[in-house]
Amino acid sequence: MSEARTTTLIRKPPRAAADAGRSRLGDLTRPIARAQRITKNRRPALLLGAVGLVVAIAIGAALFGLPVRTWFAQDDQIGRLENELAELQEVNTELQHEVDVLQTPDGIIAAAREALGFIQSGERRQTIVGMPDLPADLPTGWPYGPAEAIIDLRTAAASSQPGGG
């Protein structure tokens, strides 16, 4: 006797007319019953997703945010250093001009007069001291009110004249 073997093929039913236009992913996107889920509770998955999101944001900040902030800080520092360099070059130019003047005989004499009070033979030295500034905080009362008004008028007149400061 020969044994008969049979093979059973599971056939999918043909698509019904009502299924026309539907996605074939329907089996993958339909909700899974709680009894068939691998994990019964979604909290660990949500927590893991939140941690993953935080890690992704931290990596994004480290790869993009921090270098950009450093770049802006360096740009500001370069601007400040360029301004400082321009000021130092201006001071160097002034000092070089002063050195050039001091290397002439007239410059040496002028520096000796200013620093040491040098006088050449046959010259007379006269020292003229400027007038001291008048006090601006006068007491209140009769004789000082008109005097303060006069001081204010003279100060205004001196500042309005060309070259008056």
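For this structure, a couple of remarks:
- Test for Gly79: is it out of contact with any Gly (no Cβ under 8 Å at 6 or more places or on another chain) and under 30 Å from Thr155 (Cα atoms): no
- So Val129, is it surrounded by 10 or more Cβ atoms within 10 Å (Cβ to Cβ) and aliphatic (A, V, I, L, M): no
- Being charged (D, E, K, R) and outside any helix (DSSP H, G or I) holds for only one residue in Asp106, Asp100, Asp137, Asp76, and it is Asp137.
- Residue match in region 146-160 (condition: part of a loop (DSSP other than H, G, I, E, B) and either more than 50 Å from the chain's Cα centre (by Cα) or of a type outside the set (Phe, Trp, Tyr) (or both)): no
- Unique residue being outside any helix (DSSP H, G or I), hydroxyl-bearing (Ser, Thr, Tyr) and farther than 30 Å from Ala149 by Cβ when the list is Thr70, Thr127, Thr93: Thr127
FYI, it's all coordinate maths here, none of it is from the lab. None of the values given here were measured: they were computed from a predicted structure. Neighbour counts run over all protein chains shown; Cβ positions are idealised from the backbone, glycine included.
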